[in-house]
Every structure is written in structure tokens, then in C-alpha cells.
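Q: Before I ask anything, let me first share the structure, which is written out below as C-alpha cells.
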Amino acid sequence: MADLTSNFLGISSPNPFWLASAPPTDKAYNVERAFEAGWGGVVWKTLGSEGPPVVNVNGPRYGAIYGHDRHLIGLNNIELITDRDLYVNLKEITEVKKRWPDRAIIVSLMVPCEEESWKAILPLVEETGADGIELNFGCPHGMSERGMGAAVGQVPEYIQMVTEWCKKYYSKPVIVKLTPNITDVRYPARAAKNGGADAVSLINTINSIVEVDLDNFAPVPTIDGKGSHGGYCGPAVKPIAMNMVSEIARDQETAGLPISGIGGITTWRDAAEFISLGCGNVQVCTAAMTYGFKVVQEMITGLSDWMDEKGIKSIDEFVGRAVPNVTDWKYLNLNYVTKAKINQDLCIECGRCYIACEDTSHQAITNMLDGKRHFEVIDEECVGCNLCVNVCPVDDCITMEAIDGTDPRTGKPVDPEYANWTTHPNNPSAKTEAAE
């Protein structure tokens, strides 16, 4: 049976599933319910400086994007960091860690970008016995307007500076949480590493407005007739998160830097994909807010079953397994030729493949044969784009098949040798480059 035990930065937890810093981790009651349900760890909702707590809105805090049958695809929130007293939070963290010594507890922090502010709060956190801290350099709303959150995370020099302060005044692991609201995530990741960070976590939420109320003409959620941008999360952000994770994992300057993956993780498969791209563990928020804490049980069972099926005995065995297969477009094999193939036994003759190809692609699918409805790929026109596969409602009805010999579309032999854009004759800058 697969061993799901996670050892991230020397922090042990029974599985790699942690709850991200968010409303589900705002108090002891929630965190203990999460541990009872099976979560391996939590990142406690972000704490601020000593003094009057921040003030959240007393009204709607979420907007949503739905798919079919009101399936939640994306969630936008305008909530700030904890609005509970700092010392109440610290007391609860201390108590929960004592009661659950086998679970990971990381404390998320956000204070003004001043050394004295960090110097003041770090010893207080260390006294709780928590396993580490996560620096919230990602929150895109509310706090960023105050010079914190994403306002720090968008400036590599600030990231390195604050990380150095934390390593100076705190003895346990320091995780830097990165914002996705930036052109190239590699630069803040490099800054975190240069500052001594033990790991990075990503992504935080994406700046967004998800809806406009067309009766009141105001963004949703609406507070007394007004709305604001917020942070977008949920299944819709997963592709963005995985790309950013992979960029850090394969960057020469940050390769090997431990990563905690965040962004739309809802199932065991999502988690396995993040881990294969270099993450040592994963953090979850929206799935727990949508389905409740017990959703982790399906994640644990699913991941364990998949690992058993693959003969993978531990999480560490497949961390980063997909990273060598992530490359730049220019290194893709231009001599690899595929054609779509429709399984006539599975085809329900809905015609979606035909209309997608006919209207928006390459006119490579028939819709009639001998006066009857019939859908079949015209190899002479098919470029292998696989749009038909993605619009087909039947699993495995349309597949992509690699071909050799002669390509019916070009009439040219398929060259079995690897070749990419860097050496292609159509590339005016073509030169010989070793494939990455």
C-alpha cells in the first residue's frame, strides 16, 4: 500500500494535503474539524501586526463563475486577512499544535514592509510551536493598497529583503507565497531563494472581477451599490497555477527549490499533477469551501489507489517526474505527425466534431456518406490539431494516432528524425541548438 506520508522541509504530516491560508483555517474550531476529517496540515489564516485587527466588510464577500448544473468553476473573494485578535490566534495555534502534534501547522503572516514589524511578530509565532511560517506576498486586494500582500510580491527586491529579515529572526522553515499577478513568476521565486527562503508556495489568487450586476451596474459581490476587484481561485485557475509551478521547477536558478502547490486543486488527480510538476505537497481551499472538509478523504483514497496502480510507494518517488517533459515550444518535434480517428462504434452522430472543424478549423471531417449522416476524418485535410477530440462528448470516441510513411495532407514522407523550430528551414534565425 502506498505511503502518503509527507516530509516537506522536514515538516512531517500524514499526507500531502494541507488547507491553504483562508477562511477555513481562521480559528481553532475549523482547524480541528479539518484534522478530524483527515487533512495532513493547515496554513493558518494570515495574521497581521499587533493592534486593532483589520476590518472586513459586513456583507457579501464572494462572487462566482458557474458551469453546467451550477458547478462552481471559479470563486472571487474580497475578504482580507484575519479580523480576529492576534493574541487570540496565537493562543489557539499553540493549543491546537499541542493537541495535534502529528499535523503540520504553518502560520501565514502579513505585516508592514518594515524590519521592526517582522522582528516584533516572529518571536511570538515561534513561541506557538508551529512548524513554520508562510509570507503572504500574494493577496491582490485590500491589503495590497496598504503596501502589503501583492504590493510586496510584485517587487523582487522587497521579497528578498523581507525573506532575509524572517530568516534572521525566525529559526524554522520560511515559505514565501507568490502572487500570480506578475509577468514572469521566475523573478520573485529567484528573489525568495536569494533571500534564503526554504520554499515557495503558489499561486495566490488572481486579480479579478467575475460579474457585473446588470440591474445595479456594479461588480459582484456588491456592497451598498459598489463593488471591488478581488482574488480569483478555484478549478478555473489550475492551468495558470501549474504553468507557474513548472516555470519555477525547470528554471536553472530555482530548480530544486521546494514548492507547495496551490490553485484549483479539487481531486486526487489535480494533486498528482501538481506533485509531478515539482510540488512536495499541495494546499487546498476552494474545494473545501465547496464540498466541506471531508473532501480530503476522496483525495487520500484516490491518490493512494493511483500510486498502488502505478507501483509508486511514496510521494517523493514522483515529485517532479513531469518536469523534464516540460519544454519551450521551439523544441517540440515538428516531425511528429498525428491524425484524428473517429471510432464509429462509439460515435453518437451528434456532429459537434464536424461543425467545430468545418466552421473554425480545417474542414477535415465529413458529415454525410452515401446520403446518410456519417462523420469521418479526411486525412488529406487533417492537421492533427485535436479540436475534435476536445469538443466530442464521448470519451475516447476520437483519438489522435501518430502516423509514419507519407503524410496524406502534404504528400511528403514523415521524417522519423527529431527536428524542431530552431533548425527548421522556414526559421530565418535557424541555428543548431541542443534540445532541452
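Q: Among Pro123, Pro173, Pro180, Pro188, which is the only one that is more than 20 Å from the chain's Cα centre (by Cα) and under 21 Å from Ala255 (Cβ atoms)?
A: On the way: Pro123 fails: under 21 Å from Ala255 (Cβ atoms); Pro180 fails: more than 20 Å from the chain's Cα centre (by Cα); Pro188 fails: more than 20 Å from the chain's Cα centre (by Cα).
Of Pro123, Pro173, Pro180, Pro188, the one residue that is more than 20 Å from the chain's Cα centre (by Cα) and under 21 Å from Ala255 (Cβ atoms) is Pro173.
Residues checked against (1) touching an Asp or Glu at 6+ places or on another chain (Cβ under 8 Å); (2) assigned to a strand (DSSP E or B); (3) surrounded by 18 or more Cβ atoms within 10 Å (Cβ to Cβ); (4) touching a residue at least 24 places away in the same chain (Cβ under 8 Å):
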| residue | (1), (2), (3), (4) |
| --- | --- |
| Ser108 | yes, yes, yes, yes |
| Trp118 | no, no, yes, yes |
| Pro123 | no, no, no, yes |
| Ala130 | no, no, yes, yes |
| Leu135 | no, yes, yes, yes |
| Pro140 | no, no, yes, yes |
| Val152 | no, no, yes, yes |
| Glu157 | no, no, no, yes |
| Lys167 | no, no, no, yes |
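Q: Restrict the check to the stretch 219-237 and report whether at least one residue is in contact with a Phe, Trp or Tyr (Cβ under 8 Å, 6 or more places away or on another chain), crowded, with 17+ Cβ neighbours inside 10 Å and assigned to a loop (DSSP other than H, G, I, E, B).
A: Taking every residue of the stretch 219-237 in turn, at least one turns out to be in contact with a Phe, Trp or Tyr (Cβ under 8 Å, 6 or more places away or on another chain), crowded, with 17+ Cβ neighbours inside 10 Å and assigned to a loop (DSSP other than H, G, I, E, B).
Q: Also, I was wondering about something else. Do we find that Ala37 is assigned by TED's automatic domain parsing to the domain that holds Asp270 and either over 29 Å from Lys313 (Cα atoms) or polar (S, T, N, Q) (or both) in this structure?
A: Considered against the rule, which asks whether it is assigned by TED's automatic domain parsing to the domain that holds Asp270 and either over 29 Å from Lys313 (Cα atoms) or polar (S, T, N, Q) (or both), Ala37 comes out as no.
Q: I would also like to ask the following. Tell me which residues, restricted to the stretch 52-68, are without any contact (Cβ under 8 Å) to a residue 24 or more places away in the chain and either part of a loop (DSSP other than H, G, I, E, B) or closer than 23 Å to Met148 by Cβ (or both).
A: Residues satisfying the conditions are Pro52, Asn58, Gly67.
Q: Would you confirm, using the coordinates I've provided, whether Glu253 is in contact (Cβ under 8 Å) with a residue 60 or more places away in the chain, among the acidic types (Asp, Glu) and part of a loop (DSSP other than H, G, I, E, B)?
A: It is true that Glu253 is in contact (Cβ under 8 Å) with a residue 60 or more places away in the chain, among the acidic types (Asp, Glu) and part of a loop (DSSP other than H, G, I, E, B).
Q: Let me ask something additional. Please go through the stretch 83-104 and give me each residue that is charged (D, E, K, R) and either in contact with a strand residue (DSSP E or B) (Cβ under 8 Å, 6 or more places away or on another chain) or in a helix (DSSP H, G or I) (or both), ordered by number.
A: Lys91, Glu92, Glu95, Lys97, Lys98, Arg99, Asp102, Arg103
Q: Taking only pairs six or more apart or across chains, which ones have beta-carbon atoms under 9 Å, a first residue in the stretch 286-305 that is assigned by TED's automatic domain parsing to the domain that holds Glu79, and a second residue that is surrounded by fewer than 14 Cβ atoms within 10 Å (Cβ to Cβ) and of a type in the set (D, E, K, R)?
A: Phe293/Glu36; Gly302/Arg269; Leu303/Arg269
Q: While we're looking at this one, here's another question. For the stretch 184-200, does any single residue satisfy the condition of being modelled with pLDDT of 95 or more and part of a strand (DSSP E or B)?
A: Yes - at least one qualifying residue is present in the stretch 184-200.
Q: Evaluate the stretch 400-409: report whether one residue or more is at pLDDT 95 or above, surrounded by 15 or more Cβ atoms within 10 Å (Cβ to Cβ), over 33 Å from the mean Cα position of the chain (by Cα) and in a strand (DSSP E or B).
A: Checking the stretch 400-409: not a single residue is at pLDDT 95 or above, surrounded by 15 or more Cβ atoms within 10 Å (Cβ to Cβ), over 33 Å from the mean Cα position of the chain (by Cα) and in a strand (DSSP E or B).
Q: Out of the residues in the stretch 420-436 that are out of contact with any helix residue (DSSP H, G or I) (no Cβ under 7 Å at 6 or more places or on another chain) and over 21 Å from Val337 (Cα atoms), state the one that is modelled with the highest pLDDT.
A: By that ranking, first place goes to Pro428.
Q: Among the residues of the stretch 31-51, which ones are in a loop (DSSP other than H, G, I, E, B) and out of contact with any strand residue (DSSP E or B) (no Cβ under 9 Å at 6 or more places or on another chain)? Steps first, answer last, please.
A: Kept after step one, since they are in a loop (DSSP other than H, G, I, E, B), are these residues of the stretch 31-51: 38-40, 48-51.
Residues satisfying the conditions are Ser49, Glu50, Gly51.
Rundown of residues vs (1) over 20 Å from the mean Cα position of the chain (by Cα); (2) at pLDDT 95 or above; (3) surrounded by 14 or more Cβ atoms within 10 Å (Cβ to Cβ); (4) assigned by TED's automatic domain parsing to the domain that holds Tyr418, yes/no style:
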| position | (1), (2), (3), (4) |
| --- | --- |
| Ile259 | no, yes, yes, no |
| Ile262 | no, yes, yes, no |
| Asp270 | no, yes, yes, no |
| Gly280 | no, yes, yes, no |
| Val319 | no, yes, yes, no |
| Lys341 | yes, yes, yes, yes |
| Asp345 | yes, yes, no, yes |
| Glu349 | yes, yes, no, yes |
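Q: Scan the stretch 88-101 for residues that are out of contact with any Ser or Thr (no Cβ under 7 Å at 6 or more places or on another chain) and surrounded by fewer than 21 Cβ atoms within 10 Å (Cβ to Cβ) and jot them down.
A: Scanning the stretch 88-101 gives Val88, Lys91, Glu92, Glu95, Lys98, Arg99, Trp100, Pro101.
Q: Still on this model: Out of all the residues in the stretch 8-17, is one or more surrounded by fewer than 17 Cβ atoms within 10 Å (Cβ to Cβ) and either in contact (Cβ under 8 Å) with a residue 40 or more places away in the chain or part of a loop (DSSP other than H, G, I, E, B) (or both)? Explain how you work it out, then say what you get.
A: Taking the stretch 8-17 first, the residues surrounded by fewer than 17 Cβ atoms within 10 Å (Cβ to Cβ) are 10, 12.
From what is left, the residues that are either in contact (Cβ under 8 Å) with a residue 40 or more places away in the chain or part of a loop (DSSP other than H, G, I, E, B) (or both) are 10, 12.
The answer is yes; a qualifying residue exists.
Q: Condition first: under 28 Å from Asn194 (Cβ atoms) and of a type in the set (Phe, Trp, Tyr). Now tell me which residues in the stretch 229-281 satisfy that.
A: Passing the criteria: only Phe274.
Q: Just to verify a result, which residue in the stretch 351-372, among those that are exposed (fewer than 12 other Cβ atoms within 10 Å of the Cβ) and over 33 Å from the mean Cα position of the chain (by Cα), is nearest to Cys388 (Cα to Cα)?
A: Here the answer is Asp359.
The values are calculated or read from the model by the stated rules, or taken from the named source; none is laboratory data. Note that the coordinates shown come from a computational prediction; the quantities given were computed from them, not determined experimentally. Every residue, glycine as well, gets a Cβ built from its backbone with ideal geometry; the counts of neighbours run over all protein chains shown.
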